[in-house]
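Engineer: Input: one structure, supplied below.
The values are calculated or read from the model by the stated rules, or taken from the named source; none is laboratory data. Quick caveat, the model's predicted, so the values are computed rather than measured. Because the Cβ atoms are built from the backbone with ideal geometry, glycine has one as well, and the counts that use them run over all protein chains shown. Ligands, DNA and RNA are excluded from the accessible area calculation, which covers all protein heavy atoms including side chains. Shrake-Rupley method; radii C 1.70, N 1.55, O 1.52, S 1.80 Å.
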Amino acid sequence: MNKSKRPFTKSKRSFRRRLPPIQSGDRIDYRNMSLISRFISEQGKILSSRVNRVTLKQQRLITIAIKQARILSLLPFLNNQKQFER
């Protein structure tokens, strides 16, 4: 067998490194609404860590911050616009 020809080689693509959604200077806090609102869907649900591309520790802090903001009525629990359309 000739080793120089490999039929199943992976193509070499250059990957652009994605920027992390949370920089080192950002504080995950219930008052930081510009940061928190990036991790909530249009319906008002908390997005998963796979969608957010954050670590487990960051996801826990985001979840706690969102829940605190909801309790202090800085964020709505639900974002249903269909209720008032009748």
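Engineer: Take residue 29 and residue 74, extend 7 Å from each Cα along the Cα→Cβ direction, and tell me the distance between the two endpoints in nm.
Structural biologist: With each label placed 7 Å out from Cα toward Cβ, I get 0.8 nm.
Engineer: Given labels modelled 7 Å from the Cα in the Cβ direction, how far is it in nm from residue 50 to residue 18?
Structural biologist: Modelled inter-label distance: 1.2 nm.
Engineer: Considering only protein heavy atoms, what is the solvent-accessible area of residue 38 at a probe of 1.4 Å, reported in Å² to the nearest 10?
Structural biologist: So the heavy atoms of residue 38 present about 120 Å² to solvent.
Engineer: Let me ask something else. Rounded, prolate or oblate, given the Cα gyration tensor of the range 24-78, with a/c below 1.5 counting as rounded?
Structural biologist: Taking the square roots of the gyration eigenvalues as a ≥ b ≥ c, the range 24-78 is oblate.
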